[in-house]
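Where a number appears in this text, it was derived from the coordinates with a stated rule and is not lab data. This one's a predicted model, so the numbers in the text were calculated from it and none came from an experiment. When we count neighbours, we look across all protein chains shown, and the Cβ atoms used for this are built from the backbone with ideal geometry, even at glycine.
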C-alpha cells in the first residue's frame with residue numbers, strides 16, 4: 001500500500017513539474033528562475049536554443065519516464081514500453097547536453113554551475129548506458145541505469161521542493177541555489193542506489209531458487 005502511495009506521489013509530481021515548462025510560453029517572458037538572469041543572456045541565440053530544448057525535452061522525459069517502471073505496461077504492452085523508452089532516451093540525451101551548456105550561465109555562479117554540470121554528465125551517461133545495455137539485451141543493467149537516469153531526471157522536481165525550504169532556512173537565495181544545485185540530485189541517486197541494491201537482491205535470490213543465472 002505504501003509503495004503504491006509513493007509511486008502515485010512520484011507520478012503526480014512528475015506530471016505537475018513536467019508541464020511546468022509550458023509557463024514559459026503562456027505566461028510572462030521572465031518567469032521562475034529567468035527572473036534572476038541578466039538581460040544579456042536573452043540576447044544569446046545559443047543560450048535560448050539550449051534553454052528551450054532543455055526544458056521542453058526535459059519536461060517530456062519527466063512526464064513519460066515514470067511509465068517505464070510500470071509493471072503492467074512492461075509485461076502486457078512491450079511495444080509501448082519500447083516506444084516510450086526511445087522517446088525518453090532521445091529526449092534525455094538532448095536535454096542533458098543542452099543542460100550542460102546552460103549550466104555555464106547558472107544563477108549563483110561557479111559552484112552552482114558545477115553542480116548542474118555534474119548532474120548533466122551523470123544524466124547523459126546513465127541514459128546512454130541504459131540504451132547500450134538494452135541493445136545488448138542486458139536487462140538487469142538496463143533497469144539499473146534507467147533507475148539512475150530517472151533519479152537524475154527527477155531532480156527537476158526535488159529542486160523545486162528543496163529550494164523554498166533552503167531559502168527560508170539559509171535566508172539567502174544565492175546560497176540556497178548553490179546548495180540545491182547539488183542537493184536536488186545527490187539524495188535522488190542515493191535513493192536510487194538503495195532501490196537497486198534491494199531489488200537486485202530480490203531478483204538474485206529468486207533466480208537462485210529457480211536455478212537461473214542473469
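On full extension, the segment bounded by residue 175 and residue 11 gains 56.1 nm, given 0.36 nm per residue less the C-alpha separation. Compactness ratio for the chain: Cα radius of gyration over 2.2 N^0.38 Å (N = residue count) comes to 1.08. Annotation: average projected area of the range 62-147 is 5.8 square nanometres, based on the convex hull of Cα atoms across all directions.
Sorted fewest first by neighbouring Cβ atoms within 10 angstrom, 118, 98 come out as 118, 98. Can you tell me the orientation of helix 110-135 relative to the chain, as the angle in degrees between its alpha-carbon axis and the longest Cα principal axis, to the nearest 10? Between the helix axis and the principal axis of the chain, the angle is about 30 degrees.
Maximal additional length on extending the residue 111-residue 22 stretch stands at 29.2 nm, based on 0.36 nm per residue less the C-alpha distance. In this label model, residue 30 and residue 81 are separated by 4.8 nm, measuring between points 7 Å along each Cα→Cβ vector.
If you wrap the tightest convex hull around every Cα atom of the range 94-214 and split its volume per residue, you get 88 Å³.
With axes computed from alpha carbons, what is the tilt in degrees of helix 155-170 against the longest principal axis of the chain, rounded to the nearest 10 within 0 to 90? With both axes taken from Cα atoms, the answer is about 50 degrees. Helix 78-103 axis versus longest C-alpha principal axis of the chain: approximately 30°, rounded to the nearest ten.
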